[in-house]
Each structure stands twice: as C-alpha cells, then as structure tokens.
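The values are calculated or read from the model by the stated rules, or taken from the named source; none is laboratory data. Bear in mind the structure is a predicted one, so any value in this text is a computation, not a measurement. Here the Cβ positions follow ideal geometry from the backbone for every residue, glycine too, while neighbour counts run over all protein chains shown. Each accessible area value is taken on the protein alone, full model and side chains, heavy atoms only, with ligands, DNA and RNA left out. Shrake-Rupley method; radii C 1.70, N 1.55, O 1.52, S 1.80 Å.
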Amino acid sequence: MIDLRSDTVTKPSQAMREAMMSAEVGDDVYGDDPTANSLEARVAAMFGFEAGLFTPTGSLANQLAIRQLVKPGEELLTETFSHIVRAELGAGAVFSGITTRTWEAPRGLLNAEDPLHIARPDSGPYQVSTTAIAVENTHNFGGGTVQSIEEIRKLREGSLKMGLFMHLDGARIWNAHVASGVSFLEYGKYFDTVSVCLSKGLGAPVGSVMLSNKERNVSARQWRKRYGAGMRQIGMLAAAAHYALDNNIERLSDDHKNAQSLAQAVHAVADHVVNPAEVDTNIVILNLSGLLTDAADLNANLKAAGILASPVGPKILRLVTHLDVSAADIAKVNSVLPELIERALEA
Ligand SMILES: Cc1ncc(COP(=O)(O)O)c(C=O)c1O
C-alpha cells in the first residue's frame, strides 16, 4: 500500500530505532531524563525560546500553551479550519474554560487584518475579552499552506498594540521553513508560545515540544502531570526526535517535490481539481466538485489500486506525501489517479 492518508503514518527507520535503543534515560517526572532534557533545550534554542516541554502529542502541546495564555472565560481567536478549533474536540473549552471565536481565511492563509478586526481585548463586564490569537503554519486543512512572514509580523505588531498574546501551532513548521527559507528563529520571534510536532513529516513515532518562557514552562509542566502525561523514561522517544531533527528536516523538500508532481499530474487532466501553484508543501487537496465521483468513491478506487488517501469532505480528497513515500511510489500514483479522475469528468 502507498499510504498518503497523512504524514503521521510514517514508521521509525532502522537507524531511528537504533538511536532509540541506545538512548540514555532517566525518570522525566523527576527531571532526570538527559535525552528529554537535551531535546527540550535544543528545540527551545532553535526557535529562540527559554524553555521546551516534551509532550506525547501536538494537541497536548497546543492545549498546554493556550491555557498559559488565556484564562477561563476569555477568548482565543483562531482560523475556522485550524486544528485547535476543528480537531482537538473542544479541549480548550473542556479543560481550560477557553472560548474561541474564528475568522475564515481562503486556504487558511493568514491576513493579519482578519483577526485584528474581530479582536476585543478588555471588553468589560458584558462581553468576552480576547486574550490571544493562534496561527497555524503550515495550515493543515488549508492544504499545507505556508503563512506569509509579513502577515505574521503585521499580526504581531497589531497584537502587541492591543495587548494580545500569540500562539503558533507549528506542527509542520519544518515544512514551512523548508518551503519558505524563513529561519526557525525568525518564525519563533513573533510568538509567546509555540508547539512543534516531531511525529508528522519528521517521522518520529511520538512527540511534540511546547515552547515558552521559563515561568510558563514550569506551569505547563505541572499541567502536563495533572492531565496524566507526566512520563518516565521518555529518553527513548526523545532520541527518536533528536534523530528526526538531525536527519529529516532538509529532506522534506523531497516530499514537497512529490506533492508537486502529483498535483501536476492531476492538473494535466482536470485543471479545476487542483492548482499546483497552491500546493506549497506536502499536502495535496483535490476538489472533486463537478466530477462524476465523490471523495469516498475515488478513495475506494484508489484503495483497490493499492493507494490510500483521506476523504476530508464529500467532494474533497486529501493526499499527503512523507518520508515513507518515494518518487517511484508517486510515479505509480500518477499512473492511476489522473486516469480515474479523467473517467469521472463530465462529458
Ligand atoms: C496543524 C496540526 N496541529 C496539531 C496537530 C495535533 O497533533 P497530534 O495528532 O499529535 O495531537 C495536528 C495533527 O495532525 C495538526 O495537523
């Protein structure tokens, strides 16, 4: 099977497993795991933060971060299709009493004016006060889109004037960096908290890191334990993450090339299904509107040919490239998918 459902499906390579096997470990709840400690310090330094906190998931890293910024009953602004508001099952409301308000952006692309326009800090006794704004980079449901650094800068400027915090959901910030050339330090400097995932394009089996200042890190560490995610000998997981940072960042450009190749092959038979110019990184969104197939049918036909994809809407199919998908795999997809789409074109 060629598995294009997500970049989370990667399996640790032999070399990564060997790094995990030889990791130095200790009890991380006591702060004794040297590999976890060095990973947290490493990622914090990469993005210019004082401290890092290893978490089992990106969702937990996001949730620990936003609860540092937003008090119960206050408001986080985020894009309508962002992971925080669409795919974390209301965690901000359930665990932290955070209310959210959203703005909608085509392809998830940030326009600083949108959140600044709806932000209402210090709203007094009758209305919810806005406290923070979240940005997702790359934007998953937007199609792996890379946020403009100019818009991020403008948003920071406006947020500082209004006294608002900023959180970056950087689950795929690695892809954004490779596609844009913007440094991690530059991305980091506009945010109060950041979450990054090692288990997506970088190929580690588990793990995210939440970045913040020291004070927030101490508090987030307590909340991580309170949520039941204080872990013990996690050096084995942190070693996989170190390996991923050492070996798997620059190669993301291969995933981006593969995604381009796939998009171009589909575009060649049906130009309205995908625009390759809108495929910034490793996520290809096919819009099947007007075709005589829906996402579930096309997905079933692909599966029969040994290709897995994700229907993410009745007429939307998502394909994600990653380090377990080779150029030869994509050549095979390109020999199947465009033909299926051509057959579904209306006469
Ligand atoms: C943008 C984004 N943020 C956060 C997450 C959460 O990661 P996890 O599945 O590890 O909770 C994901 C997962 O796909 C994601 O795409």
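Which of the residues spanning the range 216-229 are open to solvent by less than 50 Å² (accessible area, probe 1.4 Å) and closer than 17 Å to VAL29 by Cβ? Residues satisfying the conditions are ASN217, SER219, ALA220, ARG224, ALA229.
Taking the range 174-203 as the range and being without any contact (Cβ under 8 Å) to a residue 60 or more places away in the chain and either open to solvent by 30 Å² or more (accessible area, probe 1.4 Å) or within 11 Å of the ligand (Cβ to nearest atom) (or both) as the test, the residues that pass are SER180, GLY181, SER183, GLU186, LEU198. The set of residues in the range 321-345 being hydroxyl-bearing (Ser, Thr, Tyr) and open to solvent by 60 Å² or more (accessible area, probe 1.4 Å) consists of SER335 alone.
PHE54 meets all of the listed conditions (1) within 17 Å of the chain's Cα centre (by Cα); (2) surrounded by fewer than 22 Cβ atoms within 10 Å (Cβ to Cβ) but one, namely (2). Considering only residues of the range 139-173 that are of a type in the set (S, T, N, Q) and crowded, with 24+ Cβ neighbours inside 10 Å, which is farthest from VAL274 (Cα to Cα)? Per the stated criteria, the residue is SER159. Of all the residues that make up the range 82-123, how many are at positive phi and either open to solvent by less than 40 Å² (accessible area, probe 1.4 Å) or within 16 Å of the ligand (Cβ to nearest atom) (or both)? The total comes to 5. Taking the range 60-81 as the range and being more than 19 Å from TRP223 (Cβ to Cβ) and either open to solvent by 20 Å² or more (accessible area, probe 1.4 Å) or touching a helix residue (DSSP H, G or I) at 6+ places or on another chain (Cβ under 7 Å) (or both) as the test, the residues that pass are LEU77, THR78, GLU79, THR80, PHE81. Within the range 271-287, if we keep just the residues that are of a type outside the set (S, T, N, Q) and out of contact with any helix residue (DSSP H, G or I) (no Cβ under 6 Å at 6 or more places or on another chain), the residue that is nearest to ILE249 (Cα to Cα) turns out to be ILE283. Go through the residues of the range 252-269 one by one and say whether even a single one is modelled with pLDDT of 95 or more, over 28 Å from ALA176 (Cβ atoms) and either surrounded by 15 or more Cβ atoms within 10 Å (Cβ to Cβ) or not basic (Lys, Arg) (or both). Yes, that holds for at least one residue. Across the range 52-80, the qualifying residues are those that are among the hydroxyl-bearing types (Ser, Thr, Tyr) and within 12 Å of the ligand (Cβ to nearest atom), and the one among them that is farthest from LEU39 (Cα to Cα) is THR78. Residues that are open to solvent by 40 Å² or more (accessible area, probe 1.4 Å) and over 19 Å from the mean Cα position of the chain (by Cα) within the range 32-47 comprise ASP32, PRO34, ASN37, SER38, ALA41, ARG42, ALA45, listed in sequence order. The helices (runs of 4 or more DSSP H) found entirely in the range 30-132 that carry 2 or more residues being closer than 22 Å to THR145 by Cβ and among the aliphatic types (A, V, I, L, M) are 58-69, 83-86, 113-118.
Residues of the range 204-215 that are crowded, with 24+ Cβ neighbours inside 10 Å and within 16 Å of the ligand (Cβ to nearest atom): ALA204, GLY207, SER208, VAL209, MET210, LEU211. Looking across the range 160-173, the residues that are in a helix (DSSP H, G or I) and farther than 19 Å from ASN62 by Cα come down to LEU160, LYS161, MET162.
The single condition among (1) part of a strand (DSSP E or B); (2) surrounded by fewer than 19 Cβ atoms within 10 Å (Cβ to Cβ); (3) of a type in the set (Lys, Arg) that LYS303 does not satisfy is (1). Based on what the data block shows, is ALA268 over 16 Å from GLY143 (Cβ atoms), more than 17 Å from the chain's Cα centre (by Cα) and free of Cβ contacts under 8 Å to residues at least 12 places away in the same chain? Taking the combined requirement at face value, the residue does not satisfy it. From the list ILE133, ILE149, the lone residue that is within 19 Å of the chain's Cα centre (by Cα) and either among the basic types (Lys, Arg) or away from the ligand (no atom under 16 Å from the Cβ) (or both) is ILE149. State yes or no: is GLU136 surrounded by fewer than 24 Cβ atoms within 10 Å (Cβ to Cβ) and of a type in the set (D, E, K, R)? Against the criterion (surrounded by fewer than 24 Cβ atoms within 10 Å (Cβ to Cβ) and of a type in the set (D, E, K, R)), GLU136 does not qualify.
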